[in-house]
Amino acid sequence: MSDLRQFVDLQAFCASESVYKTYLKAAASDRTKLNLFLHLIDKKDFIVPDEVFKWIAESESDFYTLDICILLQRKQCVDGYIDAFLHVCERDQIENLNYAALEFLMTTNYLDNTLTYKCFIYKLLSDNRWQNLGDIFYPVENIRKNYRRIDQCVDEFMCRAAYLANHKALSTFYESLAIINYDSFAFQPSQNQEHRRIFNWIKKNIVKGEANPEISLGWTEGPDSTKWPSIKLDDYKKTLHVISGNHE
């Protein structure tokens, strides 16, 4: 395949990927589009972007446990693919790759070499400089540096959802994690500084709300004021209940 053909294919895929992300964000943010959300996260033509975890945390939609299970399992599959790819590079002592070498490595080692995965890996490899498709070699270490594994995504989701007192999303995620036997996450305010900050934020709002039942909790201005942080005391109490280990 010529360099021009490769470049056109890559450009076309990245354009379609951008459209996919736009629809996925809209589906995650709109409670009337949950059926579309399931359809989009189950599409094999695209790798679900990590941003979807943030979109769910900031959504008022009541997501189905099945949807979240599928999302998490797809993320686990990508984790496995990254592990397999990096294992081949380590085994063969490959430190740098360009696009052609990446294609060859995938094909000869029976890794998924669809355009979906070639583009995904190449963007990680090139620090998202996929427009430069020529003979530029990039360090394989970029893949490890740029890829975010499921444990990072889950932790960031839990922190964001708790910060917004989105106890419904938190409960659904905990249920889904249990179903897929993922036990690597726990909210640990005594050991994790970010967890402690959010834990204290939740307790602070509970104290404030109990002292003055008429007060609006959360915030009304600042960089997060356009999000939907709850102003209700009950939501903060339920959030504390969930992150304290009570997931029913």
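Bear in mind that the values in this text are calculations on the coordinates, not laboratory data. Treat the numbers as computed from the prediction; the structure is a model and nothing was measured. Please note: Cβ atoms are built from the backbone with ideal geometry, for glycine as well, and neighbour counts cover all protein chains shown.
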Exercise. Enumerate the calculated ³J(HN,Hα) couplings along the stretch 137-152 in order (Karplus 6.51 cos²θ - 1.76 cosθ + 1.60, θ = phi - 60°), each rounded to whole Hz, writing x wherever the residue is Gly or Pro.
Key: 9, 10, x, 4, 4, 4, 5, 4, 5, 8, 7, 10, 7, 4, 5, 5
Self-check item: Whole-Hz couplings from phi, Karplus 6.51/-1.76/1.60, listed for the stretch 73-90; x for Gly and Pro
Solution: 5, 5, 5, 4, 5, 5, 4, x, 5, 4, 4, 5, 4, 5, 4, 4, 4, 5
Quiz item: Per the helix-only calculation at 222 nm, which mean residue ellipticity applies to the chain, given -39500 (n - 2.57) for every DSSP H run of n ≥ 4 and division by its residues, nearest 500 deg cm²/dmol?
Solution: -20000 deg cm²/dmol
Quiz item: Whose amide H sits under 5 Å from the amide H of Asn96, counting only residues 5 or more places off or on another chain, with H placed in the peptide plane?
Solution: Val140
Quiz item: Cα-based Rg (one decimal) and Dmax (whole number) for the stretch 150-243, in Å?
Solution: 13.6, 42
Self-check item: About the Cα centre, charge dipole magnitude for the stretch 150-243 (Lys/Arg +1, Asp/Glu -1 at Cβ), debye
Solution: 260
Exercise. Please name whichever of Phe173, Cys159, Asn212 sits farthest to the positive end of the charge dipole of the stretch 150-243, dipole taken about the Cα centre and charges placed at Cβ: Lys and Arg +1, Asp and Glu -1.
Key: Asn212
Quiz item: Helix 3-29 versus the longest principal axis of the chain: what is the Cα-based angle in degrees, 0 to 90, to the nearest 10?
Solution: 10
Quiz item: What length, rounded to one decimal in nm, is gained on full extension from Tyr110 through to Glu60, with 0.36 nm per residue of separation minus their alpha-carbon distance?
Solution: 13.8 nm
Quiz item: If you place +1 on the Cβ of every Lys and Arg, -1 on the Cβ of every Asp and Glu, and leave all else neutral, what size is the dipole of the chain about its Cα centre, to the nearest 20 Debye?
Solution: 500
Quiz item: So between Thr22 and Lys203, what do we pick up on full extension, going 0.36 nm a residue minus the alpha carbon distance?
Solution: 61.6 nm
Quiz item: Once the piece of chain linking Asp183 and Gln76 is laid out straight, how much longer is it, given 0.36 nm per residue of separation minus the C-alpha distance between them?
Solution: 37.2 nm
